[in-house]
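A quick write-up on the structure given underneath.
The values are calculated or read from the model by the stated rules, or taken from the named source; none is laboratory data. Bear in mind the structure is a predicted one, so any value in this text is a computation, not a measurement. We place every Cβ from the backbone using ideal geometry, glycine too, and count neighbours over all the protein chains shown.
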Amino acid sequence: MKWCHTVADIPKGPHYAILEKRSISIPGDERSRTHPGHGYPASTEEVWDYIVFPTREAWEGEIKRRTGLVFGNRNFVPISATPAVITTTIAVE
């Protein structure tokens, strides 16, 4: 498994991946607690992690592991991806 943190981390060719949803808690600042309406309040952000697998077998094994959990982790989406190739052409007449 490889977590992709930047666009450069994502493989250029076909690959298998899992999109995993998680939450990040952001505490509010002191001013929002002592002076309501000022500063910024506490919040929760939802983010997606992009996890790439070296083989289809490793990807399928991880899907089976996640769906076989006692409570069943459903905060993920398994995908088979082929990134698009973008080309730009400039014509001068």
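Odds and ends about this structure:
- Within the stretch 1-17, being under 14 Å from residue 81 (Cα atoms) and in a loop (DSSP other than H, G, I, E, B) holds for 10, 11, 12, 13, 14.
- Residue, surrounded by the most Cβ atoms within 10 Å (Cβ to Cβ), within the stretch 11-48, restricted to residues that are at pLDDT 90 or above and of a type in the set (Ser, Thr, Tyr): 16
- All of (1) assigned to a helix (DSSP H, G or I); (2) within 21 Å of the chain's Cα centre (by Cα) hold for residue 31 with one exception: (2).
- Leading residue by the ranking (modelled with the highest pLDDT) among those in the stretch 54-79 that are in contact with a helix residue (DSSP H, G or I) (Cβ under 9 Å, 6 or more places away or on another chain) and either in a strand (DSSP E or B) or charged (D, E, K, R) (or both): 78
- Checklist (1) surrounded by 11 or more Cβ atoms within 10 Å (Cβ to Cβ); (2) in contact with a Pro (Cβ under 7 Å, 6 or more places away or on another chain); (3) not hydrophobic (A, V, I, L, M, F, W, C) applied to residue 82, failing item: (1)
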